[in-house]
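As structure tokens, the structure follows; a few thoughts come after it.
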Amino acid sequence: MRRDQHIHYLLHLADDSLILGHRNSEWTGHGPILEQDIALSNISLDLIGQARNLYQYAARLVNRERGMKEKVLPGVKVSGEVSEDTLAYFRDSRDYKNCLLVEQPNGDWGKTVLRQFLFSAFQFLLYDRLKQRDDQQVAAIAEKSIKEVAYHLRWSSEWVIRLGDGTAESHRRMRHALEDLWLFTGELFVAAPYEQELLAEGYGADLSSCRLPWEDTILETLARAGLFPPEDGTSNGSAHTGSAIMTRSRAGGKEGQHTEHLGYLLAEMQFLQRAYPGCEW
Amino acid sequence: MGGKMYLWLQTHCLAMNDSLSIQEPEKGFQDRIDREIRIEPRDWMPDAYRRMLIRQISQHAHSEIVGMLPEGNWITRAPSLRRKVTLIAKVQDEAGHGLYLYAAAETLGISRDEMIDQLHTGKAKYSSIFNYPTLTWADIGVIGWLVDGAAIMNQVPLCRSSYGPYSRAMVRICKEESFHQRQGFEILLTLSRGSAAQKRMCQDAINRWWWPSIMMFGPSDDASPHTGQSMRWKIKRFTNDELRQRFVNVCAEQVKILGMTLPDPDLVWNEQTGQYDFGPIDWEEFRNVINGNGPCNRERMAARVRAHEEGAWVREAATAHELRLQNKRISSVKENSEKS
């Protein structure tokens, strides 16, 4: 296994969690109900905690091998060892590898809980596979995190049902949110080159095996919410893929081609580290 | 017994009975307070005691909730992942404190909705400290050290407050607050040992927050209208000035560890009193901020009202869904009973 591909994969997993955790934390103090403000902050904490575990592991691998720093952090001057913070605060958007779904702006509460639901349903299946894989560090992180993810999935699916089934207004808002976010779900199941390479050597997870169970989870909850996935707008119909709800999708995040939103998120998140480089905080 | 005597006895004893029936509960109440027995929600209490507690507890709850805003302001810009996580957890704790306190106030017969409405219409106050802006990362450290420090000084005695639910809420809150205070001080300690820019940031934040922090203890004793009664009822245990003096004594020592200074040229150790003397407080500023003219009063209230209004559809939807579930349950029970 090529070490840099391995590290790219870890960064991809970590970035997914960090960016979604960061987005959720934008709600802290502004939630619609005090109890739910606390619940979403909790999910943020879980996600950023997962990201930290993965970054710390990635940092150890980077530090272990000569020349790896330059590959993972091209053009970044790092004095001393790479840390979780170097990886989070000194990579620009082209080096971030999260899926586009998690970087989408919060919108209203409905869009936020739907984004969480679509991602958690996927992350649960992903971590379930990763906890059985050869990379013991990743397996241990997945094993620990999957309990948290199960809660995120339950919490968010309850909210999707509540809002889909609530009032005419909440139903309408959820329909719009679903139209907005649906485009970004296809990417979850498309393996980036580093994922394909790892999979060929028995690492990582087979994303195609996640697709159908993910659809089952999503469709079941959406049905209880009185919601339907948007109509398929492409020729990638069910006949070709075996997928009931394959749709037009946008991708690229895993390889650093993001939506415009990520740049602003990173500018805000990284500002102190970049304005005062080389400081302890 | 002559008729006159009988009449005298009758009227006199009746009058005594009357005065007993008025004074008995009040006397019994004060007696329990004096014997340090906690007052619980079902116990009789004077209306004024109830009102004073509702005012104080709801004000305290609102302060926790509004206090989430200036700190939340730095969550997305926290300078490391560790700092980000601790800050989210801290702000989340404040929300939890708000919850316990709203629940404690609800035992006195007011609903959370009513209290929140009082906050949004300006009828209820919150601690004026949260009307100051958090301009740099150092402000997050200073809020932990000074603002939470002052809050702890105020709140530790409230753990022995005469009203049971309030005192129990305060026990939990104080534990978490002292943790926050240590975290805040540690942020400042890191800055104080850092680069010249970080040191400057640290001193600047202390300069801006020091006076507002010592104003947190409220007006001086001779200008504090509620203190006397509150102490008799053992809601409060120490006066504003006593607590403020203790706080100054502690901070004047701690600031030395940071290698920073407090922005008060009159701050000096007084051998005779065994306390620090400090300069006059600008009560004009205090009144101004309380009356809505602080640097962030409008922003803070606007943010709270916005969160509430933008959340209305969410709350309505949740209620509608819950109602529908209940109706389903009821009709399925009916169906089952009809079948059998």
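The values are calculated or read from the model by the stated rules, or taken from the named source; none is laboratory data. Values in this document were obtained by computation on a predicted structure and should not be read as measured data. Counting neighbours? That spans all protein chains shown, and the Cβs are built from the backbone with ideal geometry, glycine included. What goes into the accessible areas is simple: the full protein's heavy atoms, side chains included, and nothing from ligands, DNA or RNA. Shrake-Rupley method; radii C 1.70, N 1.55, O 1.52, S 1.80 Å.
Hey, can you tell me all the residues within segment B:70-86 that are part of a helix (DSSP H, G or I), more than 7 Å from chain A (Cβ to nearest Cβ) and open to solvent by less than 10 Å² (accessible area, probe 1.4 Å)? So that I can check it myself, show each step before the final result.
Filtering segment B:70-86 for residues part of a helix (DSSP H, G or I) gives B:70-72, B:75-77, B:81-86.
Filter once more, so that each one left must be more than 7 Å from chain A (Cβ to nearest Cβ): B:70-71, B:82, B:86.
Passing the criteria: B:P70, B:E71.
When you look at A:W109, is it within 20 Å of A:H22 (Cα to Cα), hydrophobic (A, V, I, L, M, F, W, C) and in contact with a Pro (Cβ under 8 Å, 6 or more places away or on another chain), yes or no?
On the way: within 20 Å of A:H22 (Cα to Cα): yes; hydrophobic (A, V, I, L, M, F, W, C): yes; in contact with a Pro (Cβ under 8 Å, 6 or more places away or on another chain): yes.
When the stated conditions are applied, A:W109 passes them.
The residues of segment A:120-150 that are open to solvent by less than 70 Å² (accessible area, probe 1.4 Å) and closer than 10 Å to A:G204 by Cα, listed by number, are A:L126, A:Y127, A:R129, A:L130, A:K131, A:D135, A:V138, A:A139.
Among the candidates B:G279, B:G228, which residue alone is out of contact with any Ser or Thr (no Cβ under 7 Å at 6 or more places or on another chain), open to solvent by less than 40 Å² (accessible area, probe 1.4 Å) and either at pLDDT below 95 or closer than 30 Å to B:G72 by Cα (or both)?
Values: B:G279 fails: either at pLDDT below 95 or closer than 30 Å to B:G72 by Cα (or both).
Exactly one residue qualifies, and that residue is B:G228.
The set of residues in segment B:145-200 that are surrounded by fewer than 16 Cβ atoms within 10 Å (Cβ to Cβ) and basic (K, R) comprises B:R160, B:R168, B:R172, B:K175, B:R182, B:R193, B:R200.
Every residue, every condition in (1) open to solvent by less than 40 Å² (accessible area, probe 1.4 Å); (2) within 16 Å of B:H60 (Cα to Cα); (3) of a type outside the set (F, W, Y), yes or no:
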{"residue": "B:G109", "(1), (2), (3)": "no, no, yes"}
{"residue": "B:E114", "(1), (2), (3)": "no, yes, yes"}
{"residue": "B:H120", "(1), (2), (3)": "no, yes, yes"}
{"residue": "B:Y126", "(1), (2), (3)": "yes, yes, no"}
{"residue": "B:I129", "(1), (2), (3)": "yes, yes, yes"}
{"residue": "B:P133", "(1), (2), (3)": "yes, no, yes"}
{"residue": "B:W137", "(1), (2), (3)": "yes, no, no"}
{"residue": "B:I143", "(1), (2), (3)": "yes, no, yes"}
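Being over 19 Å from A:L13 (Cβ atoms) and not small (G, A, S) is a description that applies to A:R162. Screening A:G166 with (1) buried (at least 24 other Cβ atoms within 10 Å of the Cβ); (2) in a helix (DSSP H, G or I); (3) not charged (D, E, K, R) gives one miss only, at (2). Restricting A:R2, A:R91, A:R64, A:R60 to those that are within 16 Å of A:Y194 (Cβ to Cβ), of a type in the set (K, R), open to solvent by 20 Å² or more (accessible area, probe 1.4 Å) and more than 10 Å from chain B (Cβ to nearest Cβ) reduces the list to A:R2. The single condition from (1) among the hydrophobic types (A, V, I, L, M, F, W, C); (2) loosely packed, with under 12 Cβ neighbours inside 10 Å; (3) at pLDDT below 95 that B:F286 fails is (2).
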